[in-house]
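Take a look at the structure set out below.
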Amino acid sequence: MKERFEKDLNKLKSEVERMAELALSMLVDSVESLKTLDVKMAENVISRKDSLADMDESIEEEALRMVAIYQPMAKDLRTIAAVLKMITYLYRIGRYGKDIAGMVKSLEGKGHIAKLVEIPYMANSVADMVRDAITAFKTENISLLNDFEERDDKLDSIRYSIFRECITYMMEDPRNITQCSYYIMIAKYLERCGDNACKMAEKIHFMVTGERIEIK
Amino acid sequence: MSKYAIEVENLNIYYGNNHVIKGINLKIPQKTVFAIMGPSGCGKSTMLRSFNRLLDLNKNARVTGSVRLFGRDIYAGDIDSVEVRREVGMVFQYPNPFPHLSIYDNIALGLKMNKLVKSAEELEGRIEWALKKAGLWEEVKHRLNDYPSGLSGGQRQRLVIARVIAMKPKVIMMDEPTANIDPVGSKKVEDLIFELKKDYTIVLVTHNPAQAARVSDYVAFIYLGELVETGETGKIFTAPGSKLTEKYLTGKLV
Ligand SMILES: Nc1ncnc2c1ncn2[C@@H]1O[C@H](COP(=O)(O)OP(=O)(O)OP(=O)(O)O)[C@@H](O)[C@H]1O
Ligand SMILES: [Mg+2]
């Protein structure tokens, strides 16, 4: 029984890792397509949304099946609870990727008003956080989560600086308004992705230690 | 009066030279279900038996420390162990009503022997009351004179519980009460335990952590005669404080 549970649990965890890869690919590729305004790539990102939803659903189903069958306790229970929350956060991250990809089409005809630097930087930082969270989930090395608060603060301040910069551009020339309002929105999405990574870190911390932490 | 039904202080129990219970401290709040869990041989039954001085019957057993029942040390010199056992009823693992007594007489016996009822009407009333409390009345009211052999395992166990309840104890201890009955019977006993805590303090020994999780308010985990941890059931089953409990609950303790 125990071996069967462990086997199913390992499988469930690797499904979460796969879902994380998918969600991350959507986020990273969407920003990549944004940089070059590559509509084809953006469309490809959008097309992944169904797989993302399917994974969300199938992992949830499997987790519930395991609760019903094994009635897990203590860490086993916390692990399944973490999985159930993590897939929601990953789903949202993937969806933000899809939303960003959706903007590429609208921006295509207009082009960028400046070279995008901070947005890709933010996207990379968020992706690193998600990767570290997933590694911590896999290896239970929670020291990887120690600096999440700082990293999240950093994202927050970049978002704010993007916002201020865009305000300046918009005041300078009202024709910049369309692009700038997209940039502001994208920065906000990326910041929310950071929040979701932090929520994942909290759940993983609880899974490993049984203690709740709050990352602000 | 103490708000605890049972307070255990530095309890040690030996069988000859075998130190079985090692310096345990515990407090069991009144009118709750308190589960004691731990692997086989860790000393659960032994400890439970010390709560109503059942170990007195074993010449080989020695108890030190104190067990207070509603504030009174039951190992103090002036305490009558028979009185203690009336206040602390015990239900064992094997549903063991007396086979040669009718359902009715199974309950009547203890009441008569202890002179707990004054008249035939009172006896009858008390038996009906106890069977109702044990959730068995509807199933046996037409066959009170039958032998318990005609009852299912679960019904027999509830008869034993009725027998204990009839004595109006304050605490009911159960040592693996569902270990030998089928799932439907077990569920009825579990429901009954939940019902009974309105009036009684219940101490439940179980092998089965899932059962402890379902019915108890507090739980203690015993390992090799030591108390590893005790606390609220919800907390212990989701996030125990000790690595050992964690291992036990996730089936990693061998
Ligand atoms: N009457 C006795 N005489 C001598 N040793 C005993 C006696 N009863 C139990 N023991 C020993 O005391 C230890 C604890 O036994 P106990 O029956 O209390 O464990 P338990 O936790 O109730 O186990 P189980 O879950 O199997 O019922 C064991 O090592 C057992 O062999
Ligand atoms: Mg036992």
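The values are calculated or read from the model by the stated rules, or taken from the named source; none is laboratory data. None of the values given here were measured: they were computed from a predicted structure. With ideal geometry, Cβ positions are generated from the backbone for all residues, glycine too; neighbour counts draw on all protein chains shown. We work out accessible area using only protein heavy atoms, side chains counted, and drop any ligands, DNA or RNA first. Shrake-Rupley method; radii C 1.70, N 1.55, O 1.52, S 1.80 Å.
Shielding by partners for B:204-217, please: the mean number of other protein chain Cβ atoms within 10 Å of each residue's Cβ.
For this peptide, the per-residue mean of nearby foreign Cβ atoms is 1.
Could you tell me which of rounded, prolate or oblate describes segment B:66-201, using a ≥ b ≥ c as the square roots of the eigenvalues of the alpha-carbon gyration tensor, with rounded for a/c under 1.5 and, failing that, prolate when a/b is larger than b/c and oblate otherwise?
Details: a/c = 1.92, a/b = 1.30, b/c = 1.47.
Because a/c hits 1.5 or more and a/b fails to exceed b/c, segment B:66-201 counts as oblate.
Residue by residue along A:210-216, Cβ atoms of other protein chains within 10 Å of the local Cβ number 2 on average. Averaged per residue, segment A:2-209 has 47 square angstrom of accessible surface, using a 1.4 angstrom probe with ligands and nucleic acids left out.
Against chain B, whose longest principal axis is taken from its Cα atoms, helix B:183-196 shows a tilt of about 90°.
When the pairs A:Lys40/A:Lys115; A:Lys203/B:Lys252; B:Lys44/B:Lys170; B:Lys133/B:Lys247; A:Lys75/B:Lys170 are compared against a 26 Å limit on Cα-Cα distance, B:Lys133/B:Lys247; A:Lys75/B:Lys170 fall above it. Bridging of B:Lys197 to aspartates and glutamates at a Cα separation below 12 Å is possible for B:Asp217, once same-chain residues fewer than 8 apart are set aside.
Packing, as the average of other Cβ atoms within 10 Å across residues, places the peptides B:175-187, B:12-24 in the order B:175-187, B:12-24, highest first.
Contact residues in segment A:61-94 by the 50 Å² criterion (accessible area, 1.4 Å probe, full protein complex versus chain alone): A:Met73, A:Ala74. Listed values for segment B:150-158 are Karplus-derived 3J(HN,Hα) couplings in whole Hz (6.51 cos²θ - 1.76 cosθ + 1.60, θ = phi - 60°), namely x, 8, 6, x, x, 5, 4, 5, 5, and x replaces Gly and Pro.
Classify the protein assembly as shown: rounded, prolate or oblate, from the alpha-carbon gyration tensor (a ≥ b ≥ c, eigenvalue square roots; a/c under 1.5 rounded; otherwise prolate if a/b is larger than b/c)? Prolate is the answer for the protein assembly as shown, as a/c is 1.5 or above and a/b outweighs b/c. With all protein chains in place and a 1.4 Å probe, the accessible surface of segment B:160-254 carries 57 percent carbon and sulfur. Mean partner shielding of peptide B:231-242, defined as the number of other chain Cβ atoms within 10 Å of each residue Cβ, is 3. Enter the angle in degrees (range 0 to 90, nearest 10) between the Cα long axis of helix B:120-133 and the first principal axis of the Cα atoms of chain B, meaning the one along which they spread out most. In chain B, helix B:120-133 runs at an angle near 50 degrees to the longest axis. Running a GNM on chain B with Cα contacts under 10 Å, which residue among B:Ala61, B:Ala134, B:Ala212 ends up with the highest mean-square fluctuation? Most flexible of the set in this elastic network: B:Ala61. Taking Cα atoms only, the orientation of helix B:103-113 departs from the longest principal axis of chain B by about 80 degrees.
At a Cβ-Cβ separation cutoff of 4.7 angstrom, cysteine residues of chain A with no neighbouring cysteine are A:Cys193, A:Cys198. What share of the DSSP beta bridges in the protein assembly as shown is antiparallel, in percent to the nearest 5? So the antiparallel bridges in the protein assembly as shown amount to around 55 percent. Solvent-accessible area lost on pairing B with A (1.4 Å probe, both sides summed) amounts to about 900 Å². Mean residue ellipticity, 222 nm, helices only, chain A: the sum of -39500 (n - 2.57) across DSSP H runs of n ≥ 4, divided by residue count and rounded to 500, is -30000 deg cm²/dmol. Share of carbon and sulfur in the accessible area of segment A:2-209 stands at 49%, probe radius 1.4 Å.
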